[in-house]
1. Suppose only helical runs count, i.e. DSSP H with n ≥ 4. What mean residue ellipticity at 222 nm does that imply for the chain under -39500 (n - 2.57) per run, divided by all residues and rounded to the nearest 500 deg cm²/dmol?
2. Can you compute the charge dipole magnitude of the range 15-275 about its Cα centre, using +1 on each Lys and Arg Cβ and -1 on each Asp and Glu Cβ, nothing else charged? Give it in debye, rounded to the nearest 20.
3. Taking K and R as +1 and D and E as -1, what net charge do the other residues with C-beta under 10 Å from the C-beta of residue 227 add up to?
4. Considering the alpha-carbon set of the chain alone, what are its Rg and its Dmax in angstrom?
5. Return the percentage of antiparallel bridges among DSSP beta bridges fully within the chain, rounded to the nearest 5 %.
6. Taking the Cα centre of each part, how many Å lie between the range 14-93 and the range 199-239?
7. For residue 237 paired with residue 36, estimate the spin-label separation in nm (one decimal), with each label point 7 Å from Cα along the Cα-to-Cβ line.
8. Which of 200, 65, 151 ends up with the largest GNM mean-square fluctuation for the chain, with Cα atoms connected below 10 Å?
Amino acid sequence: MSAQPPATGTASQTFFVTIPWRGRDVRIEHRFIEPAVPRAQQPLTIFLHEGLGSLSLWKDYPQRLCDTLGCRGLVYSRPGYGRSTPREPDETWDLDFMHRQAHEVLPALLAEFGIDAQADPLRLFGHSDGGSIALLFAARFPDQVQELIVLAPHLFVEDVTIENIVLARQAYTEGQLRQGLAKHHDDPDSAFWGWNNIWLYPPFRDWNIEAEIGAISARILAVQGVDDEYGSLDQIHAIARHLPGTHCVALPDCGHSPHRDQPQALTATVVDFCAGTSA
């Protein structure tokens, strides 16, 4: 595969690239972000979305954060999401679905763009499932990640998570969730059922990545809302137990999505962390 030139554009523009994955060519929706005022020695920041997220569901937060930090960014929709290739009708996700995103999809995407993360380590910015994927990538490729910023990541499965994923299924089949997701996904059933079915698959209750994250060498900022309906503060505290240098922040008046619920507080926290001034 030849390296592709970075495609940049406005918040409403989307670009596509094709990578090989799971025996077929998969189209990946993406956008590179250029900051208003670039700053030297800022790593490329890659945004990894949540379990029902997509490029468009980030809205303008990646651009605003990149402008504030003066860094370039890359936002993309994982396979099955957004305008990327949907799941095949009979395709189910396995217990290792986040590992495959971290160990297969993201490396293939970096290779397609000719991004050498060993020469220029990355900053990963992951939310929820995307936060778990960021941790898994940094554990497998520790020399390719300079900084990790994870919002409401999952390291293990909690009862509160399952309870609210069950409620999400009800909202999808009986409420307005499907219509809302259809604004952001070409195939909302692909996005929703891929995520919902694996999280509610009984063997997934034993899913746990705590034993894997010890290999991470990057600086870590772990942020969680005090009112997160999909996980407790035990998630980010678990990161700190295994990686004592982790800077943990619990945001008050904040649910599962700090970049939507408390964007200003989150940005201020990220700025301090990236400047090395976090306590």
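Each reported figure results from applying straightforward, stated rules to the coordinates on display, with no laboratory input. Since we're looking at a predicted model, the values are computed, not measured. Virtual Cβ from ideal backbone geometry, glycine too; neighbours counted across all protein chains shown.
1. Working: 10 runs with 92 residues, N = 279.
-9500 deg cm²/dmol, from helical runs alone.
2. Working: 21 positive and 35 negative charges, 130 e Å.
Here the size comes out at about 620 debye.
3. On the way: positive: none; negative: 228, 229, 253, 261.
It works out to a net charge of -4.
4. Cα only, the chain: 17.4, 50 Å (Rg, Dmax).
5. Numbers: 12 of 36 bridges.
Given both bridge residues lie in the chain, the antiparallel proportion sits at roughly 35 percent.
6. After rounding, the separation between the Cα centres reads 22 Å.
7. Calculated label separation equals 4.0 nm.
8. Its mean-square fluctuation being the largest, the pick is 200.
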